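Asker: Structure provided below as structure tokens; questions to follow.
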Amino acid sequence: MNIFRLTADLMHLASIFILLLKIQKTRSCAGISFKSQLLYALVFITRYIDLFFYWVSLYNTLMKIFFIGSSLYIVYLMQVKFRATNDPVLDTFRIEYLLAPCALLALVANYAFTAQEILWAFSVYLEAGAILPQLFMLQRRGEAETITTHYLFALGAYRGLYLLNWIYRYWAEGYVDWIAWIAGLVQTGLYTDFFYIYYTKVLKGQKFELPA
């Protein structure tokens, strides 16, 4: 554990709490991609399958339980409790174009050809692109509520801070994880345009709108 990873984990937690606050406060899922949330639930389930047979620490276990539980709860809210507020007309990204390549890549590029390692690799590859349905939906809407942009910023900051964590661990421990590093770079890169607009508009009190 180091300051970069701890801060990244806190930002990840913050992103989930912000999303839950948005849904519960507005009683609506408008502007939130159900497909992205479904992909994140799949990411956590496949990544943390070791929860049932591998102990690291209490912190690690509680975080895994929280991420699985919260992601499934968000899926429940969007698909059951507030289903009428979903935007299926705008949430049209074809997630099969993410799932199939990630599954194939996990079978080919992994650290060991075992079920656990393949599922872990799949979760890493899938997380890199899981935000795409949300960004695609945002592009189609052309604007977003401020609280939704805060959620996306916290989620993107979590990945950016993990890059700093990996750099620190490389120099301090000689830690190397090419799968996570490359996927993390791709994932952080997807937020570039969003970060720019967030900085130039939202932080200055303006409405988040994408250029026509």
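Asker: Out of CYS29, PHE93, SER15, whose Cα points farthest toward the positive end of the dipole of region 3-205 (charges: +1 Lys, Arg; -1 Asp, Glu; placed on Cβ)?
Answerer: The one lying farthest along the dipole's positive direction is CYS29.
Asker: Give me the extension gain from VAL56 to TYR97: residue separation times 0.36 nm, minus the current Cα-Cα distance, reported in nm with one decimal. All intermediate terms of the calculation are to be shown ahead of the outcome.
Answerer: Numbers: separation 41, 0.36 × 41 = 14.76 nm, distance 3.40 nm.
In short, 11.4 nm is gained.
Asker: Can you give me the long-range amide H partners of ALA144? Hydrogens built in the peptide plane at 1.01 Å from N, cutoff under 5 Å, separation of 5 or more residues or another chain.
Answerer: Distant-sequence amide H within range of ALA144: PHE208.
Asker: With θ set to phi - 60°, apply the Karplus curve 6.51 cos²θ - 1.76 cosθ + 1.60 along region 64-78 and write out the HN-Hα couplings as whole Hz, x wherever there is a Gly or Pro.
Answerer: Rounded to whole hertz, the list is 4, 4, 5, 5, 5, x, 5, 5, 5, 5, 5, 4, 4, 4, 6.
Asker: Taking all protein chains as present, what is the carbon and sulfur share of the accessible area of region 123-200, in % to the nearest whole number, probe 1.4 Å?
Answerer: Values: 2270 of 3510 Å².
Result for region 123-200: 65 percent of the exposed heavy-atom area is carbon or sulfur.
Asker: Sticking with this structure for a sec: Mind computing the radius of gyration and Dmax over the alpha-carbon atoms of the chain? Å is fine for both.
Answerer: Over the chain's Cα set, Rg and Dmax evaluate to 17.2, 51 Å.
Asker: Right, next: Could you give the length gained on full extension between TYR73 and VAL186, defined as 0.36 nm per residue of separation minus the Cα-Cα distance, in nm?
Answerer: Separation in residues times 0.36 nm, less the Cα-Cα distance, equals 38.0 nm.
The values are calculated or read from the model by the stated rules, or taken from the named source; none is laboratory data. The model shown is predicted, which means the values in this text are computed figures rather than measured ones. Please note: Cβ atoms are built from the backbone with ideal geometry, for glycine as well, and neighbour counts cover all protein chains shown. Quick note on the areas: whole protein, heavy atoms, side chains included, nothing else; ligands and nucleic acids left out. Shrake-Rupley method; radii C 1.70, N 1.55, O 1.52, S 1.80 Å.
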